[in-house]
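The values are calculated or read from the model by the stated rules, or taken from the named source; none is laboratory data. Here the structure is a predicted model, which means the values were calculated and not measured. FYI the Cβ positions are ideal-geometry reconstructions off the backbone, even for glycines, and counts take in every protein chain you see.
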Amino acid sequence: MTRRSLLPLVDAEDFRTLFIEELGWLNPDRSDLTITVNGTKHTLTQVAGYKGLRIWHHAGLPPRKVQRAIDLEVGRESTERLLIFTGPHRQDWRWPRRALLGGANAQLVVHEHLVGLAQPDLERRLQSISIDLDEDVTLVELLQRMRDAFDTVSETASVQAARLMNVLYGELEAAGVPPVSATLTLARLLFLLFGDDTEMWRANMFSRYIENHTTADTLHADLRALFDVVDQPEESRALAPGSPLISFRYINGGLYKNSFDLPPLTSAFRDGLLEASKFDWGLISPAIFGSMFQTVKAKEARRAGGEHYTSEENILKTIGPLFLDEYRARLEAAWDDKRRLTELHNDLGRLRIMDPACGCGNFLIVAYRELRALELDLLKRRRDLDDLDGKTTGRGSRAQGVFDVTDRIKVTLDHFYGIEIEEWPARIAETAMLLVDHLANQAMEEEFGLAPDRLPIRVAPTIKHDNALRNDWAAILPPSDNVIILGNPPFSGRGDRGPQQTADQKLVWGPRYNINLDYVTCWYLRAIQYFGRHAGRWAFVSTNSVCQGEPVATLWSPILDAGWRCRFAHRSFLWESEARGKAAVTVSIVGFDRNKTSPKPVLWTYPPGGKGDGTAVPVTRINPYLIDGPNLLVRKSTRPLSSQMPEASFGSMPNDGGHLLVEANEYTEVASDPVASKYLRRFVGAKELVHNRDRWCLWMVDLDPKDLRKSRILRERVAAVRNHRSSSASPTTSTRQHPPHLFGQLAQPKTSYLAIPRHVSEHRRFYPAARFDADVICGDANFLIPDPDGLALAIVSSSMFMVWQKAIGGRIKSDLRFSKTFTYNTFPLPVLSKRQYAALCSAGTAILTARATHVGWSLARIYESDAIPDNVVAAHLAVDKVLDSTFGRVSLDTEGDRQRALFRAYAALNGQEAFRST
């Protein structure tokens, strides 16, 4: 296949050569179609096809509404189709619409080509649907190629739009416009630019006003005047005859309500605005407006607010299983039943959606867009069913006229509510909702020929600028069974919260306040308080801490007690945002309802690290740890539940400013000092443990005071420790509490012990712990367990312990975090017989023997993911065989089997009801 330019063939209307010879499609398989619309006959010729997707050419360029009617009739013949309407100067390419997402803008459905104008986008789209001779492309694959091309158009446009916004904001900043006023100015301009390109008024009316009626010196005053005019009804304006502002329509609804002064603007701002006016803003989905505006806000500022802006993909992960999938399934089930379609439509009209931390409105925008798209499909199906009835009764074809369904729209903007603590994102949310409504109406006009005229704005969303944790949600939207709450509240962990957020959290949680709870949990508690006894549904994007570690019991206890069940969940995955400088964070999405059995809960799991696509599995129930298991809560314990397990503790903390530790380059000097060398001990921190690195310390628990006078090294290092601790403001660091020759905290056992690193990669199959003799000092980056017989090594090295750790333990991002009070002490080890105890100790020791055959290997190398030596794996499996048998005769073939066995054993040991009411 050649790679010559394809556009000359397009301009010459030589579509047969284009598609068959150049793009590898097949010959036509249908004769010409003649379609009558409004008394005029239109002939279409098939020029090519491929596995049911047909390319039709119409030698003429009728109005878009007529094109739509023609397309509907062609759809009877060709479900998958591409129609090309050609005139002497312009062509309209109507790409297949079937299976497009609700977010497809009209501009991404009808592509305009100006004859003789180089349009690389069209050339690239055509190349993307080329078929090589040796390819056997399926129809599904070919349609996906087309949709991929559409997505690329939208993504490229989004990058350009963000750049234009950056330029404009930078010039507003340079002119001294305050940040809130600058952002509100951009929101107002965005509405006008969008209206220019989406038939909200006469095309390019705003851009012509900027070009022809403003100068760099007067632009600030001209914009103020324009903003004031569009906030006034036409009949109330006092404009001079011939004013260029007369043609602008009344845009009420709050966006232009409050006037503010603009200082003189830079000439570069006007240049940037003119450049922006040449861009096609109709290509941009309003769902990305929020993240686009974040290009002017620093990453540090987002972090301070705990904000993480949301991609459409992740929003769909939330709204799909929460409600959208259900309603789409109902539409499919009701496809041939008018009564059921009416019931579904009425239910859609009863829905109320609220995002109590709406930011720039992304969740509300996508939810509204998708529900309007679903309603449009429903109305189209009702039209088709009515049309079938009409053919039976002789009433005629649907292509013969225009259908006014504007009074049948039940999904309306005033059914959507948001709360936002910052003023300017609230304004962006309002603007974007109005624009997505306009796009939805355009899609309706494409199908039915008529759509509501939303100007002046009479129906608008309710977006309240307020602190959602300190106001009454019910005063904004009364609770009912038809309310759905969703969103992405600010996360803010323990180290990220400011004083105001801490005060908010204490207010919401009251006596149950727990410093380890993330700020996002406040929205969980407020949601169940809001609903009271109503059913409803709700789901939030959250840090994965809401289902990991000690805070789970505090958060989930009131949720379960109030009768909510987990309807769906996405386990930990890596968050992707559409904002520049996006924050890297690992999250979970958890949704709730009060249905007992339907629909069946669905759990998404992700590859280690949370990257890649999730796998959805229907499950019996989803418990607080996002596992298919019983609804029980694990609470920390000061002692092991099993009296046979030795107690764990932190290792010894130097707190010495580095002066009691001896690095490799210092070892020779210290070891050559006959006095200091008496106190030299091997030191094992987490890196030394896992990577087999050399480090030492001065361990002077039995120090002879005379030795300080004899050794310069000891004397200088102890003095340095004293200075370090005396300068500390912490009372626990003082020299009086901790003599300067000793570690700050001492925990070294007098027997051999097991050292366990605090943090371990989730990719590890087994926990990399190791035993040491008492003369090797264990640092506080590790936990230690006295282990003279090897029982602790066997337990921690088992698959059951690793599954328990992964199931309930806390994490740092996705890495595992060992806890003595939570993961170790709560491990539900069944009572061991003497024989089982001895067998476990023996199996644990065998792990050390297997490791020893790999001389010089570190634990990191031995336990490298998917590369553990066979004899080491065999040793661990031998431990598993013994330990697994203590859980009774149950299947432990999968991780899920192990999880269920562990939860049952935990419930039995602590007396908790294993299967709480869901």
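Part of a helix (DSSP H, G or I), farther than 30 Å from Leu892 by Cβ and of a type in the set (D, E, K, R), is that true of Arg715? Talk me through it step by step, then tell me what you get.
Details: part of a helix (DSSP H, G or I): yes; farther than 30 Å from Leu892 by Cβ: yes; of a type in the set (D, E, K, R): yes.
So Arg715 fits the description; yes.
Is there any pair linking a residue in segment 48-62 that is under 14 Å from Ile20 (Cβ atoms) to one that is in a strand (DSSP E or B) and of a type in the set (Ser, Thr, Tyr), with Cβ under 8 Å and at least six apart or on different chains, and which?
What qualifies is His57/Thr45; His57/Thr86.
Yes/no matrix, rows are residues, columns are (1) in the same structural domain as Pro869 (by TED's automatic domain parsing); (2) modelled with pLDDT of 90 or more:
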residue: His691; (1), (2): no, yes
residue: Arg722; (1), (2): no, yes
residue: Pro731; (1), (2): no, no
residue: Arg736; (1), (2): no, no
residue: Ile777; (1), (2): yes, yes
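Could you give me the residue pairs with C-beta distances under 8 Å whose first residue belongs to segment 261-281 and is within 12 Å of Gln160 (Cα to Cα), whose second residue is in a helix (DSSP H, G or I) and among the acidic types (Asp, Glu) wherever it lies, and which are 6+ apart or on separate chains?
Asp280/Asp197; Trp281/Asp196; Trp281/Asp197
All but one of (1) under 22 Å from Asp355 (Cα atoms); (2) touching a Ser or Thr at 6+ places or on another chain (Cβ under 6 Å) hold for Asn514; which doesn't?
Against the list (1) under 22 Å from Asp355 (Cα atoms); (2) touching a Ser or Thr at 6+ places or on another chain (Cβ under 6 Å), Asn514 comes up short only on (1).
If the requirement is being in contact with a Gly (Cβ under 8 Å, 6 or more places away or on another chain) and more than 30 Å from Leu791 (Cα to Cα), which of these qualifies: Thr620, Thr605, Thr615? Give the derivation first.
Values: Thr620 fails: in contact with a Gly (Cβ under 8 Å, 6 or more places away or on another chain); Thr615 fails: in contact with a Gly (Cβ under 8 Å, 6 or more places away or on another chain).
Answer to the check: Thr605.
Would you say Arg30 is part of a strand (DSSP E or B), of a type in the set (Lys, Arg) and touching a helix residue (DSSP H, G or I) at 6+ places or on another chain (Cβ under 9 Å)?
Numbers: part of a strand (DSSP E or B): no; of a type in the set (Lys, Arg): yes; touching a helix residue (DSSP H, G or I) at 6+ places or on another chain (Cβ under 9 Å): yes.
The answer is no for Arg30.
Somewhere in segment 376-399, is a residue at pLDDT below 85 and in contact with a strand residue (DSSP E or B) (Cβ under 8 Å, 6 or more places away or on another chain)?
Scanning segment 376-399 turns up at least one residue that is at pLDDT below 85 and in contact with a strand residue (DSSP E or B) (Cβ under 8 Å, 6 or more places away or on another chain).
Exactly one condition in (1) out of contact with any Pro (no Cβ under 8 Å at 6 or more places or on another chain); (2) in the same structural domain as Ser865 (by TED's automatic domain parsing) is not met by Pro786; state its number.
(1) is the only condition that Pro786 fails.
Is it fair to say Leu193 is touching a residue at least 60 places away in the same chain (Cβ under 8 Å), within 24 Å of Pro461 (Cα to Cα) and surrounded by 15 or more Cβ atoms within 10 Å (Cβ to Cβ)?
Numbers: touching a residue at least 60 places away in the same chain (Cβ under 8 Å): yes; within 24 Å of Pro461 (Cα to Cα): yes; surrounded by 15 or more Cβ atoms within 10 Å (Cβ to Cβ): yes.
So Leu193 passes the test.
Sort through Leu486, Leu525, Leu517 and tell me the only one that's in the same structural domain as Trp564 (by TED's automatic domain parsing), over 17 Å from the mean Cα position of the chain (by Cα) and either at pLDDT 90 or above or not in a loop (DSSP other than H, G, I, E, B) (or both). Talk me through it step by step, then tell me what you get.
Details: Leu486 fails: over 17 Å from the mean Cα position of the chain (by Cα); Leu517 fails: either at pLDDT 90 or above or not in a loop (DSSP other than H, G, I, E, B) (or both).
Every option except Leu525 fails the conditions.
Being at negative phi, of a type outside the set (Lys, Arg), crowded, with 17+ Cβ neighbours inside 10 Å and modelled with pLDDT under 90 is true for just one of Leu33, Leu18, Leu44, Leu53. Which residue is that?
Unique residue meeting the criteria: Leu53.
Among the residues of segment 603-631, count how many are acidic (Asp, Glu) and exposed (fewer than 14 other Cβ atoms within 10 Å of the Cβ). Give the steps one after another, and end with the answer.
Here is the first cut: in segment 603-631, the residues acidic (Asp, Glu) are 613, 628.
Pick out the ones that are also exposed (fewer than 14 other Cβ atoms within 10 Å of the Cβ) and you get 613.
Number satisfying all stated conditions: 1.
Output the number of residues of segment 468-504 satisfying the condition of being closer than 29 Å to Pro321 by Cα and either in contact (Cβ under 8 Å) with a residue 24 or more places away in the chain or charged (D, E, K, R) (or both).
Start the filter on segment 468-504 by keeping residues that are closer than 29 Å to Pro321 by Cα, which leaves 468-469, 471-493.
Next, from what is left, pick out any that are either in contact (Cβ under 8 Å) with a residue 24 or more places away in the chain or charged (D, E, K, R) (or both): 468-469, 471-474, 476-477, 479-493.
Total satisfying the criteria: 23.
Here is a yes/no grid of residues against (1) surrounded by fewer than 16 Cβ atoms within 10 Å (Cβ to Cβ); (2) in contact with an Asp or Glu (Cβ under 7 Å, 6 or more places away or on another chain):
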position: Ser799; (1), (2): no, yes
position: Ile808; (1), (2): no, no
position: Arg817; (1), (2): no, no
position: Leu832; (1), (2): no, no
position: Thr849; (1), (2): yes, no
position: Ala867; (1), (2): yes, no
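Does Arg635 count as touching a Ser or Thr at 6+ places or on another chain (Cβ under 8 Å) and of a type outside the set (A, V, I, L, M, F, W, C)? Let's see the steps before the verdict.
Numbers: touching a Ser or Thr at 6+ places or on another chain (Cβ under 8 Å): yes; of a type outside the set (A, V, I, L, M, F, W, C): yes.
It is true that Arg635 is touching a Ser or Thr at 6+ places or on another chain (Cβ under 8 Å) and of a type outside the set (A, V, I, L, M, F, W, C).
Checking Tyr417 against (1) surrounded by fewer than 17 Cβ atoms within 10 Å (Cβ to Cβ); (2) modelled with pLDDT of 90 or more, which single condition isn't satisfied?
(1)
Cβ contacts < 6 Å: first residue closer than 11 Å to Val803 by Cβ and hydrophobic (A, V, I, L, M, F, W, C), restricted to segment 892-918; second residue surrounded by fewer than 17 Cβ atoms within 10 Å (Cβ to Cβ) and at pLDDT 85 or above, any location; separation 6+ or different chain. Result?
Close Cβ pairs (under 6 Å, with a partner that is surrounded by fewer than 17 Cβ atoms within 10 Å (Cβ to Cβ) and at pLDDT 85 or above) amount to Ala901/Val890.
Of all helices (runs of 4 or more DSSP H) completely enclosed by segment 178-284, which ones contain at least 2 residues that are over 26 Å from Gln442 (Cβ atoms) and among the β-branched types (Val, Ile, Thr)?
It comes to 179-197.
Starting from segment 340-361, take each residue that is in a helix (DSSP H, G or I) and list its partners that are of a type in the set (Val, Ile, Thr), counting only C-beta distances under 6 angstrom and pairs at least six apart or across chains.
Leu348/Val411
Scan segment 742-771 and report the pairs whose first residue is within 17 Å of Ile795 (Cα to Cα) and whose second residue is surrounded by fewer than 22 Cβ atoms within 10 Å (Cβ to Cβ) and basic (Lys, Arg), with Cβ atoms within less than 6 Å and a gap of 6+ or a chain change.
From residues that are within 17 Å of Ile795 (Cα to Cα), the pairs are Ser752/Arg771; Leu754/Arg771.
Report, by residue number, each residue of segment 549-573 that is of a type in the set (D, E, K, R) and either at pLDDT 95 or above or not in a helix (DSSP H, G or I) (or both).
Correct list: Glu550, Arg565, Arg567, Arg571.
With the structure loaded, tell me whether Ile868 is assigned to a loop (DSSP other than H, G, I, E, B), under 20 Å from Pro757 (Cα atoms), under 39 Å from the mean Cα position of the chain (by Cα) and of a type outside the set (Gly, Ala, Ser) or whether it fails that test.
On the way: assigned to a loop (DSSP other than H, G, I, E, B): yes; under 20 Å from Pro757 (Cα atoms): yes; under 39 Å from the mean Cα position of the chain (by Cα): yes; of a type outside the set (Gly, Ala, Ser): yes.
In short, yes.
May I ask you to list the residues in segment 213-248 that are of a type in the set (Val, Ile, Thr), buried (at least 17 other Cβ atoms within 10 Å of the Cβ) and free of Cβ contacts under 8 Å to residues at least 24 places away in the same chain?
Here is the first cut: in segment 213-248, the ones of a type in the set (Val, Ile, Thr) are 214-215, 218, 229-230, 246.
Pick out the ones that are also buried (at least 17 other Cβ atoms within 10 Å of the Cβ) and you get 214, 229-230.
Answer for segment 213-248, where residues must be of a type in the set (Val, Ile, Thr), buried (at least 17 other Cβ atoms within 10 Å of the Cβ) and free of Cβ contacts under 8 Å to residues at least 24 places away in the same chain: just Val229.
Within segment 77-85, is even one residue small (Gly, Ala, Ser), closer than 26 Å to Pro120 by Cα and either in the same structural domain as Ala443 (by TED's automatic domain parsing) or outside any helix (DSSP H, G or I) (or both)? If you could, list the steps in order and put the result at the bottom.
Narrowing segment 77-85 to residues small (Gly, Ala, Ser): 78.
After this cut, where a residue has to be closer than 26 Å to Pro120 by Cα as well, the list is none.
No, segment 77-85 contains no residue that is small (Gly, Ala, Ser), closer than 26 Å to Pro120 by Cα and either in the same structural domain as Ala443 (by TED's automatic domain parsing) or outside any helix (DSSP H, G or I) (or both).
If I filter segment 6-23 for residues that are part of a strand (DSSP E or B) and within 21 Å of Glu141 (Cα to Cα), do I get at least one hit? Before you say what the answer is, go through the steps one by one.
Going residue by residue through segment 6-23, those that are part of a strand (DSSP E or B) are none.
There is no residue in segment 6-23 that is part of a strand (DSSP E or B) and within 21 Å of Glu141 (Cα to Cα).
Could you check segment 143-166 and list, in sequence order, the residues that are surrounded by 17 or more Cβ atoms within 10 Å (Cβ to Cβ) and modelled with pLDDT of 80 or more?
If the condition is that a residue be surrounded by 17 or more Cβ atoms within 10 Å (Cβ to Cβ) and modelled with pLDDT of 80 or more, then Leu164, Met165 are the ones that fit.
Could you identify the single residue in Thr853, Thr845, Thr849, Thr894 that is within 30 Å of Val619 (Cα to Cα) and out of contact with any Ser or Thr (no Cβ under 8 Å at 6 or more places or on another chain)? Steps first, answer last, please.
Values: Thr853 fails: within 30 Å of Val619 (Cα to Cα); Thr845 fails: within 30 Å of Val619 (Cα to Cα); Thr849 fails: within 30 Å of Val619 (Cα to Cα).
Criteria check complete, one pass: Thr894.
Out of all the residues in segment 761-797, which are touching a strand residue (DSSP E or B) at 6+ places or on another chain (Cβ under 7 Å), among the aliphatic types (A, V, I, L, M) and crowded, with 24+ Cβ neighbours inside 10 Å?
Ala769, Ile777, Leu784, Ile785, Ala792, Leu793, Val796
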